[in-house]
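Inspection log for the structure reproduced underneath, given as C-alpha cells.
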Amino acid sequence: MEQTLIVLKPDAVLRGLTGELLGRFERAGLKLVAAKMIQVDQELAKKHYPADREEWIKLLGHKTLDNYKELKKDAKKEMGTDDPMKLGQMVRGWLLDYISSGPVFAAVLEGPHAVELVRKITGHTLPFKAEPGTIRGDFSFDSSHLANTAKRAIKNLIHASGNIEEAQYEIPLWFSEEEICKYERANEKAMK
Ligand code: GDP
Ligand code: MG
C-alpha cells in the first residue's frame, strides 16, 4: 500500500475540472483518504518546491535545456542563461507564482502502487507530449517553449508526487495525520 499526493493546480480549478479529474483516480480504484481546497501561500509553496532540493532544481533546468534543444532553440539567447541550476531556479520561481495564483484542490490517494499509478493517469509533464487518455493529454496542450516565452510555469493542471520519497515528504506538508482517513472501500473486497 502506498499513499501519494495530488494537487489540482489553479488552472484545473478555474476551468471547473476538479470533479472530472478526481473521478479518474477513484474510477481506477484509488482510495481518497484526504482532501481539501486551499489558497496556497508563499510559505507552503516554498516548502512544496524547496530551494534546497538542488538535484530536482538542476534536473528541472536540464529538462528545460533538453526541451530547447529539441525545438532547435537557443536557451541562452531566449532565457539569458544555459546554466541548468539558474534555469531550474527560474522555473521554480514561476512554479511558486503558479501554485499560489488561485485555489487548488489537494488530496491524498491510497492504493497498491499508488505513486506510479497516479503518475500514469496524470501523464507526461509536457502536455503536448502526454498521451490521450491521461489527464494532461486530454485537457491541456502547453509546452516548455510557450511557457518559457511567457515567463511562467507550464500549465499542466496537476501535481502528482514523483516517487515514494517525494510523496512521504509532501503529504505531511499539506495534511496533518488527523486529516487522513482510514476506511474500507466497497470494491476492496472484490479485489481480494
Ligand atoms: P512533474 O512532476 O511532471 O509535474 O514535473 P517536474 O517535477 O519536472 O516539474 C514541476 C513543474 O514545473 C511541472 O509540472 C511544470 O508545471 C513546470 N515545468 C517543468 N518543466 C518546465 C519547463 O521546461 N518550463 C516551464 N516554464 N515550466 C516547467
Ligand atoms: Mg515533479
Q: Would you mind stating whether V118 is closer than 17 Å to Q168 by Cα and in contact with a Ser or Thr (Cβ under 6 Å, 6 or more places away or on another chain)?
A: yes
Q. Is the range 38-61 home to any residue that is within 21 Å of S140 (Cβ to Cβ), of a type outside the set (F, W, Y) and open to solvent by 40 Å² or more (accessible area, probe 1.4 Å)?
A. no
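For the range 1-66, which fully contained helices (runs of 4 or more DSSP H) count at least 3 residues that are within 16 Å of ligand 2 (Cβ to nearest atom) and within 17 Å of the chain's Cα centre (by Cα)? Write out each step before concluding.
Values: elements: 10-14, 18-27, 42-48.
Where helices (runs of 4 or more DSSP H) fall fully within the range 1-66 and carry at least 3 residues being within 16 Å of ligand 2 (Cβ to nearest atom) and within 17 Å of the chain's Cα centre (by Cα), they are 42-48.
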Q | Pick from the range 138-187, criterion touching a Gly at 6+ places or on another chain (Cβ under 9 Å), away from ligand 1 (no atom under 13 Å from the Cβ) and in contact (Cβ under 8 Å) with a residue 40 or more places away in the chain, ranking: nearest to V40 (Cα to Cα) | A | R185
Q: Enumerate the helices (runs of 4 or more DSSP H) found wholly within the range 74-192, keeping only those where 1 or more residues are away from ligand 2 (no atom under 16 Å from the Cβ), basic (K, R) and open to solvent by 20 Å² or more (accessible area, probe 1.4 Å).
A: 75-79, 84-99, 187-190
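The values are calculated or read from the model by the stated rules, or taken from the named source; none is laboratory data. What you see is a predicted model, and the numbers here were worked out from it, not measured in a lab. Cβ: placed from backbone, ideal geometry, glycine included. Neighbour counts: every protein chain shown. Side chains included, ligands, DNA and RNA excluded: accessible areas come from the protein's heavy atoms. Shrake-Rupley method; radii C 1.70, N 1.55, O 1.52, S 1.80 Å.
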